[in-house]
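Worksheet for the structure shown next.
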Amino acid sequence: MKKYIAFFICFLCLAAGAVAKTSFREGETLYVSVKSSELKNGTGRFASKVAKVTYGDRVTVLQPEDKNTKVKLSDGTIGWIATGSLTRKKIVKSSGGSTVKASTSEIALAGKGFSDESEKAYKSSNSALDYAGVDEMEKISVSSEALQSFIETGNLSDGGEE
């Protein structure tokens, strides 16, 4: 009897996971939910950059897949973006196009990082910690070309899909 109950519970969990999984539909309008990302001409890690998108940019789904989604920008540019970087929630930019009408916490969650307020609160409750190294690391940016060169020089696998 315990086996049947355990099997039933596992089945319910799997069914709930399948229903909860976000899947986008062709033609659906979505919004970029990360601070910035690149549209690429393919799904591989080192596919060529087609365009840069930022938080709140609107895209139209052309080909939804699990890890990446092929989208079209309002200017007609087509490329692939990580599916996790998209949301159905409408993000409205101001008329200037450079600012977003969103709360600090929404932007922090979108960027999967801390907001200024949460970072200050954490620092104040942990005043003995030194954050200078973290601040310096956040300034580091490695280009796709430099990363590709490093992988090729070291005969490493990029681990991506081609």
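Laid out as a table, the results:
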| item | result |
| --- | --- |
| Any hit, segment 133-152, residues being acidic (Asp, Glu), within 25 Å of residue 71 (Cα to Cα) and at pLDDT below 60 | no |
| Residue among 103, 23, 48, 36 that is open to solvent by less than 70 Å² (accessible area, probe 1.4 Å), more than 28 Å from residue 142 (Cα to Cα) and at pLDDT below 90 | 103 |
| Single residue of segment 51-70 satisfying the filter (aliphatic (A, V, I, L, M) and touching a Ser or Thr at 6+ places or on another chain (Cβ under 7 Å)) that is most open to solvent (accessible area, probe 1.4 Å) | 51 |
| Search result, residues across segment 71-93 that are open to solvent by less than 60 Å² (accessible area, probe 1.4 Å) and not β-branched (Val, Ile, Thr) | 73, 76, 79, 80, 82, 84, 85, 86, 93 |
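The values are calculated or read from the model by the stated rules, or taken from the named source; none is laboratory data. Quantities reported herein were computed from a predicted structural model and do not represent experimental measurements. Counting neighbours? That spans all protein chains shown, and the Cβs are built from the backbone with ideal geometry, glycine included. SASA here: full protein model, heavy atoms, side chains in, ligands and nucleic acids out. Shrake-Rupley method; radii C 1.70, N 1.55, O 1.52, S 1.80 Å.
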